[in-house]
Amino acid sequence: MNIRWLSRIGLLRLHSRRICESKCIQSFLVHSSTAKPGYLDYRTVRTEGRFNIRNSSRCATMSLRTLNAENAADLDKDLMSVGAFSLDQLMELAGLSVSQAVYRVHPPEKGKRILVAVGPGNNGGDGLVAARHLWHYGYQPTIFYPKRPKNELYQRLAEQLKTLGVPFTDDFEAALKSTDHVVDSIFGFSFSGEVREPFAAVITALENTKVPVTAVDAPSSWNIQDGPPKSGPGANFNPEFLISLTAPKPLVSHFTGRHFVGGRFLPPSVAEKYNLDIPVYKGVDQIVELPAGENVR
Ligand SMILES: NC(=O)C1=CN([C@@H]2O[C@H](COP(=O)(O)OP(=O)(O)OC[C@H]3O[C@@H](n4cnc5c(N)ncnc54)[C@H](O)[C@@H]3O)[C@@H](O)[C@H]2O)[C@H](O)CC1
Ligand SMILES: [K+]
């Protein structure tokens with residue numbers, strides 16, 4: 001066979017592959033050597049033969065897409081239905097990401113005492129899981145958990161901490177005076193309105209403290225869409241660190257500290273449905289830090 005025939009066969013193969021691609025929905029997730037660390041060269045091939053390709057150089061300069069509160073709740077439902085995850089699993093993965101972010105910004109040499117402020121929902125559950133991992137990394141967590149729903153999952157998470165001898169406190173302000181770092185896992189994407197007691201006093205203490213704070217998914221009291229409240233508890237709350245779970249929420253456009261994303265379990269099909277970018281995670285990391293000044297959309 002001469003060179004002309006070989007090139008014709010090559011072209012035919014390319015042509016038939018394109019036809020095949022145009023008939024089915026496929027996502028190519030390509031780790032590109034040209035992409036900036038932290039980003040994925042994400043190509044989407046859609047039906048009807050329309051190609052929507054975001055090349056690596058665009059992706060490298062593009063910022064991550066955000067996920068609003070309503071879509072975040074829907075995405076979790078999808079993960080638990082079509083994705084076949086259980087809530088325990090998602091919370092475990094979320095809490096593991098949080099523990100890695102804390103280790104990154106506040107390694108044990110900086111002080112082992114970590115105060116975890118736990119809210120009444122799943123954001124609080126992430127904090128309980130993170131506290132358990134942090135204990136195993138050698139930290140000394142203390143838990144502030146003033147509202148404990150009679151939910152079996154939360155009760156088990158609290159029990160696991162008690163088994164490790166992790167202390168629970170009722171006095172947040174006193175605990176704040178003897179800690180090296182705070183994890184804010186009070187409210188996440190289901191928070192709305194003004195902060196109600198007993199959390200208003202806690203948020204006020206957080207906004208006045210000099211102890212560094214890592215916020216889980218959202219700085220508690222911030223509106224998921226619009227950021228910090230104009231007045232009242234939280235108006236001056238600016239945590240040093242934030243870990244967004246699965247994808248950043250719109251409030252991050254108001255956030256000025258170090259920002260991490262966790263969620264190294266998101267199936268590409270779900271990411272595509274919600275039009276999310278998947279960052280590149282290094283090695284066995286569950287988190288990725290967004291470069292300073294990197295924005296989100
Ligand atoms: N996909 C993931 O990565 C996962 C993230 N998870 C985390 O779950 C939260 C969202 O959890 P949800 O239970 O829906 O809500 P919250 O924890 O944000 O809060 C609900 C809780 O708060 C009370 N509340 C609401 N507004 C107020 C208010 N103004 N004052 C006082 N109390 C208020 C409400 O009554 C509820 O009790 C998400 O952010 C992630 O952190 C999951 O782990 C699953 C996987
Ligand atoms: K939070």
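The values are calculated or read from the model by the stated rules, or taken from the named source; none is laboratory data. If you're wondering where the values come from, they're calculated on a predicted model, not measured in any experiment. Heads up, the Cβs are rebuilt from the backbone with ideal geometry, glycines too, and the neighbour counts pull from every protein chain shown. Just the protein is used for accessible areas: all its heavy atoms, side chains included, with ligands, DNA and RNA removed. Shrake-Rupley method; radii C 1.70, N 1.55, O 1.52, S 1.80 Å.
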Practice prompt. Select from the range 143-153 the residues that are farther than 18 Å from VAL202 by Cβ and surrounded by 13 or more Cβ atoms within 10 Å (Cβ to Cβ) and list them in ascending order.
Written response: ASN151, LEU153
Response to the item:
Sole miss for ASN123 among (1) open to solvent by 10 Å² or more (accessible area, probe 1.4 Å); (2) in contact with a His (Cβ under 9 Å, 6 or more places away or on another chain); (3) within 16 Å of ligand 1 (Cβ to nearest atom); (4) not charged (D, E, K, R) is condition (2)
Practice prompt. Scan the range 240-263 for residues that are assigned to a loop (DSSP other than H, G, I, E, B) and surrounded by 22 or more Cβ atoms within 10 Å (Cβ to Cβ) and jot them down.
Written response: THR246, ALA247, PRO248, LYS249, PHE255, GLY263
Practice prompt. Determine which single condition SER269 fails, assuming it passes every other condition in (1) surrounded by fewer than 18 Cβ atoms within 10 Å (Cβ to Cβ); (2) in a loop (DSSP other than H, G, I, E, B).
Written response: (2)
Practice prompt. Considering only the range 70-101, state which residues are of a type in the set (A, V, I, L, M, F, W, C) and open to solvent by 30 Å² or more (accessible area, probe 1.4 Å).
Written response: ALA73, MET80, VAL82, ALA84, PHE85, LEU87, LEU93, LEU96
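So, in the range 64-88, exactly how many residues are assigned to a loop (DSSP other than H, G, I, E, B) and more than 22 Å from LEU290 (Cβ to Cβ)? Steps first, please.
The first filter runs over the range 64-88 and keeps only residues assigned to a loop (DSSP other than H, G, I, E, B), leaving 65-68, 81-86.
Okay, now just the ones that are also more than 22 Å from LEU290 (Cβ to Cβ), so 81-86.
Adding up the residues that qualify gives 6.
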